[in-house]
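Read through the structure below, which is laid out as structure tokens, and then see the notes.
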């Protein structure tokens with residue numbers, strides 16, 4: 001009996017210890033499961049090349065591209081603002097497209113140039129999310145503006161008698177406001193979904209700016225919701241304006257082919273040709289980056305695809321200048 005009582009006392013004494021141990025484990029587990037805070041405070045942007053001897057060349061090339069892009073788009077905006085003959089819906093949206101292009105370039109290239117100049121690859125966690133937000137905002141804004149400009153060309157060519165009514169200033173302002181609201185909400189959605197992810201040990205981005213796809217690849221959390229949202233929202237944003245562009249230019253083509261004058265047909269085609277070139281370059285690059293699923297060995301392919309995407313966006317200025325000179 002004495003032995004049994006001793007064993008019972010030991011069991012009773014051990015129970016609080018085991019309960020405290022289980023409670024500690026549960027608190028630790030609960031903290032891990034309930035925490036959405038990232039353990040990473042900064043990221044490293046590897047850039048386009050890790051070779052030191054190539055950095056001066058890259059700095060010169062991208063600095064020149066950035067200055068030409070920003071100054072060119074600013075000149076377009078100023079020319080449209082001060083010339084009363086250019087106060088038409090087409091040039092109104094062209095000025096906004098130029099503004100979006102200048103902001104798009106300013107979102108990524110200055111940080112890249114600073115990193116090259118200071119031999120640093122660091123970007124803060126908050127700075128990375130902010131860069132991703134503005135990159136997606138102005139990229140999607142270009143997307144919507146290209147669709148609106150296609151609709152403007154359709155109304156001008158196919159329904160010229162109703163052009164002043166269908167594309168009045170209030171209508172243009174409403175279309176522009178809708179573009180801004182939709183793009184801002186879309187970028188905010190992706191930014192908030194990315195902010196809830198956890199980033200553990202790996203903080204190296206094989207890229208020269210912060211974008212949603214490489215950040216999802218770095219996360220140690222479940223990114224299923226993020227990837228599904230990216231595909232669904234990205235498909236809607238890209239295919240919606242693209243469908244409007246295809247329908248608009250299908251109607252434009254059928255109308256232009258009925259024009260008896262060869263010079264009239266050429267003028268209509270030249271007006272739309274530069275816009276179509278921008279459309280093909282933009283959507284081809286964007287679909288390749290955001291809608292094509294990345295493979296397991298896409299660590300090197302992704303930066304190249306995104307670099308092409310940015311390069312095409314920078315070069316878009318030359319095509320918008322062609323539209324402005326028609």
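Hey, for a label at residue 232 modelled as a point 7 Å past Cα toward Cβ, could you say which residues of the stretch 181-199 have their backbone N under 19 Å away?
Within reach of a label on residue 232, which here means backbone N under 19 Å from a point 7 Å along Cα→Cβ, the stretch 181-199 contributes 182-197.
For labels at residue 201 and residue 113 in the simple 7 Å Cα→Cβ model, what's the distance in nm?
Simple spin-label model gives 3.8 nm for this pair.
Find the relative contact order for the stretch 63-135 and round it to a whole percent, using C-alpha pairs within less than 8 Å whose residues are 6+ positions apart. Before the final figure, lay out the partial values.
Working: 39 pairs, mean separation 24.2, N = 73.
Relative contact order of the stretch 63-135: 33 percent.
Rule-based calculations on the coordinates, nothing more; no lab input. Keep in mind the model is a prediction, meaning the values are calculated, not measured. Here Cβ is always computed from backbone atoms with ideal geometry, including for glycine, and neighbour counts include all displayed protein chains.
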